[in-house]
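J.: I'd like to ask you about the structure that follows.
The values are calculated or read from the model by the stated rules, or taken from the named source; none is laboratory data. From a predicted model like this one, the values you see are computed outputs, not experimental measurements. Ideal geometry is used to build each Cβ from the backbone, glycine not excepted, and the neighbour counts take in all protein chains shown. Heavy atoms of the whole protein, side chains included, go into the accessibility calculation; ligands, DNA and RNA do not. Shrake-Rupley method; radii C 1.70, N 1.55, O 1.52, S 1.80 Å.
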Amino acid sequence: MRIYIGNKEIAGYFTRLKVGFDKIGVKSDLWFLVDNKYFDVKTNLILKLNQKLFKFYKTNKKTILFPLVIPVVMMMIVLHALILIYALFKYDVFILNSEPFFNYWELAIIKAFNKKIIIVFLGTESRPSYLSGNNIQDKYWVEGKFDLERCYNDVKAQYKRLALIEKYADHIINHPPTALFQKKPFIAWLHIGCPNDTPTISPVLTQNMSRIAKVLHAPTNSVAKGTEKIIDIIDKLRKEGLPVELLKLENVPNEKVLDELTKCDFVVDELYSDIPIGGLGTEAAFALKPVINSSYYTDGISTDYPEDVIPPALFGFPENLEHDIKEYVLNKELREEHALKLNHFVRTKWESATIANKYMMIINGSIPDEWMFDPYKIEYYLGYGIEKNKLRSFLNQYISQFGEKALFLDDKPRLKSKILYFLKGNA
């Protein structure tokens, strides 16, 4: 058996999944059609060429060099076709994510060759765009107003894309807060986890002689991660005389983040997350550093998952973030206790070989019933990366222009009613 992993790296997930397959003796290869500036992944010449073409396309599609973009796109189409043809004859299993060959229509071809398809969603690609704070506050905020039509078109395309994926994929791994458009049961993400080992850093509790708590925050998107608010909280605590300092790393290679993890006391990851730990949090856990994440999903996660698969990070409400940070600053023993618990969790449940073995269970059809989640039981609707009053304001404008059907949740009347109730100022 040989496994194709592609077509994009996201937070180191797929590179580390391959490490896991290597450890258990299963052959797999990484095929990333686009590069990731945070992770240095060795690749072949055809992929390097495709990555350079893609970068040119993204950089120049709205510039005076646009005429050159057309032949570049044609070249990319040819390269994608060649890679796909090669892969169809070489691989038995395709583990794919949010970078398709041909807008996911290739899934029909892969399926026709009787290959197994596993789709892995890690957030934004499946979460309805009208609930994605990174899109709402960046992509759709243009010249002082929301581009609601662009959002509607994105959501409509997203809904159709999910239907196409569900038609051909053997299995989909997703997280309930991001799976609102799914209609078939899927494998709930936390039952699988985030593969990691982080062998380049030593898992040692920080021996901080200065007694100043050093906090690491490393956003890839400052708006969605709530960076401004996190900085304000740390500044407020410092002005109150608390021994705390913040190191913010943004748009730096992963190696730099790993290096700074060895020096910090704890990590503050996100203000409006929907998972207790993601890529950075997992790295921190392996490095014996406790993690704080804030979320409106704090209550809902225990409904959607059994306790033993929920990472024991500090996962409080956004309104409690200042209190949570202050508690860690003042209580070194609590930090160490939480760091040890989180480290034990990831070492026993999220080590790369452990997760690779879970994928082999999926491939071999040995999926435990408890891993499966019914999308019609989804209750969470507050999205990611945005304060709920701002989300309410955006959604009211969105529905005012396009109507309730623009939520694309007619098949989930209970969830749709909860959102409409929220828009009236409730919750």
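J.: List the equivalent ellipsoid semi-axes of segment 238-317 in whole Å, largest first, each obtained as the square root of 5λ for an eigenvalue λ of the Cα gyration tensor.
T.: Working: eigenvalues 113, 54, 26 Å².
Largest first, segment 238-317 gives 24, 16, 11 Å.
J.: Something else: Quick check: pseudo-label points 7 Å beyond the Cα along Cα→Cβ at LYS332 and ASN320, how many nm apart are they?
T.: It works out to 2.6 nm between the two label points.
J.: Along the charge dipole of segment 218-334, Cβ charges K/R +1 and D/E -1, which of TYR296, VAL244, ALA313 sits furthest on the positive end?
T.: Ranked along the dipole, the leading option is VAL244.
J.: On to the next question. Could you order HIS191, HIS344 so the one with the most accessible surface comes first? Probe is 1.4 Å. Walk me through the numbers before you get to the answer.
T.: Details: HIS191 15, HIS344 105 Å².
So the residues, ranked largest to smallest area, are HIS344, HIS191.
J.: On to the next question. Any idea what the alpha-carbon Rg over 2.2 N^0.38 Å comes to for the chain? Walk me through the numbers on the way to the answer.
T.: Details: Rg = 21.7 Å, N = 427, 2.2 N^0.38 = 22.0 Å.
Rounded to two decimals, the normalised Rg is 0.99.
J.: Moving to a separate point now. Any chance you could get the radius of gyration and Dmax over the Cα atoms of segment 154-301, in Å?
T.: For segment 154-301, the Cα radius of gyration and maximum Cα-Cα distance read 18.2, 58 Å.
J.: Over the chain, with the other protein chains present, what is the accessible area per residue in square angstrom, probe 1.4 angstrom?
T.: Working: 19130 Å² over 427 residues.
So the chain comes to 45 Å² accessible per residue, rounded to a whole number.
J.: What residue among GLY226, TYR152, ALA284 has its Cα farthest toward the positive end of the dipole of the chain, where the charges are +1 on Lys, Arg and -1 on Asp, Glu, each on the Cβ?
T.: TYR152
J.: Next question. Compute the distance in nm between two label points, each set 7 Å from the Cα along the Cα-to-Cβ direction, one at LEU247 and one at VAL41.
T.: Rounded to a tenth, the inter-label distance reads 2.7 nm.
J.: Hey, another quick one. Between the DSSP loop rule and a limit of at most 15 other Cβ atoms within 10 Å, which trypsin sites (Lys or Arg not before Pro) in segment 318-427 are left? Kindly include the intermediate steps, with their values, before the conclusion.
T.: Values: sites: LYS326, LYS332, ARG335, LYS341, ARG347, LYS349, LYS358, LYS377, LYS388, LYS390, ARG392, LYS405, ARG414, LYS416, LYS418, LYS424; in loops: LYS424.
Sites meeting the loop and neighbour criteria: LYS424.
J.: Where nothing but the Cβ of Lys and Arg (+1) and of Asp and Glu (-1) is charged, how large is the charge dipole of segment 325-382 around its Cα centre, in debye to the nearest 20?
T.: Values: 8 positive and 9 negative charges, 47 e Å.
The dipole of segment 325-382 has a size of about 220 debye.
J.: Please check which bits of segment 160-186 a label hung off ASP138 would reach, taking the label as a point 7 Å along Cα-to-C-beta and the cut-off as backbone N under 19 Å.
T.: 178
J.: Next question. When the dipole is taken about the Cα centre of the chain, and only Lys, Arg (+1) and Asp, Glu (-1) are charged at their Cβ, what size is it in debye, to the nearest 20? Could the numbers behind the result be given before it?
T.: On the way: 56 positive and 51 negative charges, 257 e Å.
So the dipole magnitude of the chain works out to roughly 1240 debye.
J.: Springs between alpha-carbon pairs under 10 angstrom, Gaussian network model over the chain: which of ARG161, ARG238, ARG127 fluctuates most?
T.: In the Gaussian network model the winner is ARG238.
J.: Write down the percent of antiparallel bridges among all DSSP beta bridges whose residues are both part of the chain, to the nearest 5.
T.: Numbers: 4 of 37 bridges.
Percent antiparallel among DSSP bridges in the chain is about 10.
J.: Another question, if that's okay. In the chain, once you exclude exposed chymotrypsin sites (Phe, Trp or Tyr not before Pro) (DSSP loop, at most 15 other Cβ within 10 angstrom), what's the longest stretch remaining? Can you show the working numbers first?
T.: Details: sites that count: PHE102, TRP105, PHE113.
Between exposed loop sites, the widest span is 114-427.
J.: Restricting attention to the alpha-carbon atoms of segment 330-376, what are Rg (one decimal) and Dmax (integer), both in Å?
T.: When restricted to the Cα atoms of segment 330-376, Rg and Dmax are 16.0, 49 Å.
J.: Going down the table (LYS62/LYS139; LYS184/LYS358; LYS8/LYS115; LYS156/LYS412; LYS332/LYS358; LYS139/LYS405), which pairs top 24 Å between alpha carbons?
T.: LYS332/LYS358
J.: Something else now. What does the extension gain come out to for LYS27 and ALA353, with contour length at 0.36 nm per residue minus their alpha carbon separation?
T.: Fully extending the segment from LYS27 to ALA353 adds 116.1 nm.
J.: Ok, one more. Quick one: length gained pulling SER366 to ARG414 fully straight, 0.36 nm per residue minus the C-alpha distance? Don't jump to the answer; show the numbers that get you there.
T.: Working: separation 48, 0.36 × 48 = 17.28 nm, distance 3.20 nm.
Additional length available on full extension: 14.1 nm.
J.: Let me ask something additional. Under a straight-distance cross-link criterion of Cα-Cα below 16 Å, which aspartates and glutamates are reachable from LYS116, leaving out those fewer than 8 residues away in the same chain?
T.: Reachable aspartates and glutamates: ASP29, ASP92, GLU106, GLU166, ASP170.
J.: Averaged across orientations, what area in nm² does the convex hull of the alpha carbons in segment 277-337 project? Before the final figure, lay out the partial values.
T.: Numbers: hull surface 17.6 nm².
Its average projected convex-hull area is 4.4 nm².
J.: How many percent of the accessible area of the chain is carbon or sulfur, using a 1.4 Å probe? Don't skip to the answer; put the middle values down first.
T.: Working: 10530 of 19130 Å².
Answer for the chain: carbon and sulfur cover 55 percent of the accessible area.
J.: Another question about this same structure. What net charge is computed for the residues neighbouring GLU106, neighbours being all others with C-beta under 14 Å from the C-beta of GLU106, Lys and Arg scored +1, Asp and Glu -1? Display every interim value, and only then the final one.
T.: On the way: positive: LYS111, LYS115, ARG161, LYS167; negative: GLU99.
Net local charge, GLU106 excluded: +3.
J.: Farthest toward the dipole's positive end in the chain, which of TYR104, PHE14, PHE94, given Cβ charges of +1 (Lys, Arg) and -1 (Asp, Glu) about the Cα centre?
T.: TYR104
J.: Can you tell which of ILE24, ILE277, ILE325 shows the greatest fluctuation in a Gaussian network model of the chain with Cα springs below 10 Å?
T.: Sorting by GNM fluctuation, first place goes to ILE24.
J.: Taking loop as defined by DSSP and a crowding limit of 12 other beta carbons within 10 Å, which GluC sites (Glu not before Pro) in segment 85-151 fit?
T.: Values: sites: GLU106, GLU125, GLU143, GLU149; in loops: GLU125, GLU143.
Answer by residue number: GLU143.
J.: Stretched out fully, how many nm does the piece from LEU68 to ASN396 gain, at 0.36 nm a residue minus the Cα gap? Please list the in-between numbers first.
T.: Values: separation 328, 0.36 × 328 = 118.08 nm, distance 4.08 nm.
Contour length minus Cα-Cα distance gives 114.0 nm.
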